[in-house]
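Since the structure comes first, as structure tokens, the remarks are kept for the end.
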Amino acid sequence: MKLETFALERLQSIWENRVELNVSESGVHPLRVEELVDDAASLAALMAQGLGYSQTNGTVELRTAIAAMYAGATPDHVEVTNGGSEANCLALMHLVEPGDEVVVMTPNYMQVLGLASGLGAIVRKWPLVAGARWAADLDALGQLVGARTRMILICNPNNPTGARLTAPELDAIGRVADRAGAWVLSDEIYRGAELDGIETATMWGRAARVIVTSGLSKAYGLPGLRIGWVAGPLETIDALWGVHDYTSIAPGAISDRLARLALAPARRARLLARTRAIVRANYPVLRDWIAARTPLLSHIAPEAGAIALVRYQHAINSSRLIERLRDEASVLVVPGDYFDMDGYLRIGFGSDAAHLIASLDRIGAMLDTIPAGAAVDAR
């Protein structure tokens, strides 16, 4: 398997701790341990935790808490991974063979496209349609999916648009997959971060062959725990455990314990309420900043997550623009061409409000130095 450099992750790894202001993140400001371990019993249990290898597929207690989110699931339907990225990786490594056709919703978190290509799949892109909302073109999906289609990859809620697929759209995707005998892999790591507080529908149970991946990084504000999971059919999850034995083997024991705390029903509700409060409070700041710069800036309102895909009408390539922002203004933003969408920026609004406002001020000042016009490769 030969993988291309994952440009987004490399950008963040190199620069996120070197700039003064970072709005490249797609989650909310992370919690501290003391905010999660907020009672004496939990603290005592954490301090007593042994630091040996944990249960390699996740403790029964953690898998039970995760399974409770998916109707009819048991702990054996769940494999705990090191982040949602490993969950996606295990699923594709197990299911995709060279020459398989894989249909990928675009734009998307480009890990899945890179993995599919690296595994030798034939990748067919299925674009969301921009309108009043970013919507699924179900007719186009039906034309793309055929007898050779092995998997349909969706991200719901979507990164980088913040769009979410409705229950009827998911049902329709399931019908298309079932006709072709294809798998659906639904990355649902932003589920729970909705601006309107209404939980996004899950793909779970909507087709014969469904894998759901998720984790604690985005909607829960706990990226440092590196806890993700795969939920799927029993035989498939057992096979993914076998693949996991070849990758990171097991989640960290401390992370597993803290994840159990996070997913206890009452605390889970508080964590998701915190995230939704942050995105509801901060999105108007970004929305009003864009409106003040219309028509040079525009966007389709995100429905979930702490991200928005912002279109600009300035004569500069998006990668060149973020390089200037990084080097001249010490602000980190994600360029649209990392999602094959030049002329856009992905701006994260999950930080504290003062950080967001300062970042937008610097981005605006930089845009003021660039003439209007179609995005071009100005490098």
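Quick note: the coordinates plus some simple rules give every number you see, no bench work behind them. Worth saying up front: this structure is predicted, and the values here are computed from it rather than measured. Positions of Cβ are generated from backbone atoms using ideal geometry, with glycine treated the same way; all protein chains shown enter the neighbour counts.
Which of Ala281, Ser319, Pro335 sits farthest toward the positive end of the charge dipole of the stretch 234-347, with +1 on the Cβ of Lys and Arg and -1 on the Cβ of Asp and Glu?
The Cα lying farthest towards the positive end belongs to Ala281.
Roughly what would the spin-label model give for Arg18 and Ser298, points 7 Å off Cα along C-beta, in nm?
Between Arg18 and Ser298, the simple spin-label model gives 3.6 nm.
Pull up the DSSP beta bridges for the chain and report the antiparallel fraction as a percent, rounded to 5.
The answer is about 50 percent antiparallel.
Taking a ≥ b ≥ c as the square roots of the eigenvalues of the Cα gyration tensor of the stretch 78-118, is the shape rounded (a/c under 1.5), prolate (a/b larger than b/c) or oblate?
The shape class here is oblate.
Taking H placed 1.01 Å from N in the peptide plane, check which residues at least 5 places from Val184 or on another chain put their amide H under 5 Å from its amide H.
Ile152, Arg209, Val210, Ile211
Rounded, prolate or oblate, given the Cα gyration tensor of the stretch 113-259, with a/c below 1.5 counting as rounded?
Because a/c hits 1.5 or more and a/b fails to exceed b/c, the stretch 113-259 counts as oblate.
Apply the a/c threshold of 1.5 to the C-alpha gyration tensor of the chain and tell me whether it is rounded, prolate or oblate.
oblate
Roughly how many nanometres apart are two label points built 7 Å out from the Cα toward the Cβ at Asp178 and Gln143?
Inter-label distance under the simple model: 2.5 nm.
From the phi of every residue in the stretch 296-304, what ³J(HN,Hα) in whole Hz does the Karplus formula 6.51 cos²θ - 1.76 cosθ + 1.60 yield, where θ is phi - 60° and glycine or proline is x?
Whole-Hz 3J(HN,Hα) from phi for the stretch 296-304: 6, 10, 7, 6, 9, 4, x, 9, 7.
Taking amide H positions as placed 1.01 Å from N in the peptide plane, with prolines and chain starts having none, which residues 5 or more places from Glu101, or on another chain, fall under 5 Å of its amide H?
Amide H neighbours of Glu101, under 5 Å, 5+ apart: Ile122, Arg150.
So what are the ³J(HN,Hα) numbers for the stretch 237-243, from phi and the Karplus equation (6.51, -1.76, 1.60; θ = phi - 60°), rounded to whole Hz, Gly and Pro as x?
5, 4, 5, 5, 4, x, 5
Please name which of Ala45, Met93, Gly192 has its Cα lying farthest along the dipole of the chain towards the positive end, using unit charges on Cβ (Lys, Arg +1; Asp, Glu -1) and the Cα centre as origin.
Sorting the options by dipole projection puts first Gly192.
FRET efficiency for Leu234 and Arg324, Cβ-Cβ distance as r, R0 = 41 Å, nearest 0.05?
Efficiency for this residue pair is about 0.20.
For Ile254 and Asp39, what does the FRET efficiency come to when R0 = 22 Å and r is the distance between their Cβ atoms, rounded to the nearest 0.05?
0.80
First measure r as the distance between the Cβ atoms of Ala167 and Ala291, then evaluate 1/(1 + (r/R0)^6) with R0 = 30 Å and state the FRET efficiency to the nearest 0.05.
0.45
HN-Hα J couplings of the stretch 267-278 from phi, Karplus 6.51/-1.76/1.60, θ = phi - 60°, integer Hz, Gly and Pro as x?
Each residue of the stretch 267-278 in turn: 6, 4, 4, 5, 5, 5, 5, 4, 4, 5, 5, 5 Hz.
Taking the alpha-carbon centroid of each part, what is the distance from the stretch 1-55 to the stretch 97-147 in angstrom?
Between the Cα centre of the stretch 1-55 and that of the stretch 97-147, the gap is 29 Å.
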